[in-house]
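Report on the structure given below.
The values are calculated or read from the model by the stated rules, or taken from the named source; none is laboratory data. This structure is a prediction, so every number in the text was calculated from the model and none was measured. Here the Cβ is made from the backbone with ideal geometry for all residues, glycine too, and neighbour counts use every protein chain on show. Calculation scope for accessible area: heavy atoms of the full protein, side chains included, ligands and nucleic acids excluded. Shrake-Rupley method; radii C 1.70, N 1.55, O 1.52, S 1.80 Å.
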Amino acid sequence: MKKIIILTTILLTIFSNIFATSAKYSDENYSIEFEYNDILIPGDAIFARMKITTPKNHKKLKTENERKALLQLYSDKKVIESSPFYSISKKKSSSSVEMLAGVPLSPWITEGNFSVKVIFNLADGDNDKEFTLPITFQGREFNQEDIPLDQKNTEIRSDNSPQRAKQIDKLNDILFTSMPEDVFNLKAFTYPTESKRYTAYFGDRRKFIYSNGKTSTSLHYGDDFGIPEGSSVTSCAEGRVVMAENRITTGYSIVIEHLPGLYSLYYHLSEMKVEEGDYVKQGQLIGKSGSTGLATGPHLHWEIRLNGTAVRPDFFVKNFTFEEL
């Protein structure tokens, strides 16, 4: 009986296309147009965009600080990722708003039964409501790679100093920060270099072979481009520089914030052309490639983090926010 009530009070219609799936929800208080990508792949993300409107003479939408909207990723009956929606409306209105949220799927997770739930409370005097959206899980194969390290890189990889630990903590504090007002970019990303010569891929399973014969395993969290030292490196999207410093492991490193919880990272540079606090445009020169830090040769390591989790950079070079083009 409860299921019949849900079906009669929620109008949820699905229309599929290549990348986005559209859904509609309506009740006596408001209607929601919903877009999301319904294919989930390890190392990728689910992004969802909502356009909420209230009919005339009905309840007004809550203020931005009072609205509640949450995107949850489930594996079976367990929530494995959760992220609040944030406003991307260009104009303030009491009768309509557009919101966006994204949740990552760790590249370590290679199987499961997944679904996406939306929980929301948006209108004055309203109660929490929710609905579940279907998604399709697709597996992915990752490369295996052995990487011999010389004495210098062995020492970097094995560094347990307080300085390196402090650098790691600082970076994690940044990458796990999500500020709902920091909406700088809704466009598809562009590549940070003109070269398409990959020397390593996101998700590669790596075995490091140290100069002393010991080994350790790791996962590669970005894409590596094999480009000569001094090649131009550009920002993949508009945003704010939140880190620009020399780190033990990643050398000259730049981190740019693009959306709440969404960051791009550029490692092993030979030069940095921006400073912390700078605002950059898409395609703007931010540095020159190099081999600083733990590197076996000149290259650019390009990485994307969503809510602290590394996500495949290629995912973001398409219209992941469903912005009208």
Within region 35-78, of all residues that are buried (at least 16 other Cβ atoms within 10 Å of the Cβ) and among the basic types (Lys, Arg), the one modelled with the lowest pLDDT is LYS59
Going by what's in this entry, would GLU81 be described as part of a strand (DSSP E or B) and more than 23 Å from the chain's Cα centre (by Cα)? no
Cβ pairs under 8 Å, 6+ apart or interchain, first in region 239-255 and under 14 Å from GLY287 (Cβ atoms) and charged (D, E, K, R), second assigned to a strand (DSSP E or B) and modelled with pLDDT of 95 or more, ordered by first then second residue, are GLU245/TYR252; GLU245/SER253; ARG247/SER253
Subset of region 289-325, residues more than 17 Å from PHE225 (Cα to Cα), open to solvent by 20 Å² or more (accessible area, probe 1.4 Å) and of a type outside the set (A, V, I, L, M), comes to ARG305, ASN307, THR309, LYS318, ASN319, GLU323, GLU324
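Got a sec? Which strands (runs of 3 or more DSSP E) wholly within region 109-216 have at least 3 residues that are open to solvent by 80 Å² or more (accessible area, probe 1.4 Å) and either among the small types (Gly, Ala, Ser) or farther than 24 Å from TYR36 by Cα (or both)?
Of the strands (runs of 3 or more DSSP E) lying wholly inside region 109-216, those with at least 3 residues that are open to solvent by 80 Å² or more (accessible area, probe 1.4 Å) and either among the small types (Gly, Ala, Ser) or farther than 24 Å from TYR36 by Cα (or both) span 144-148.
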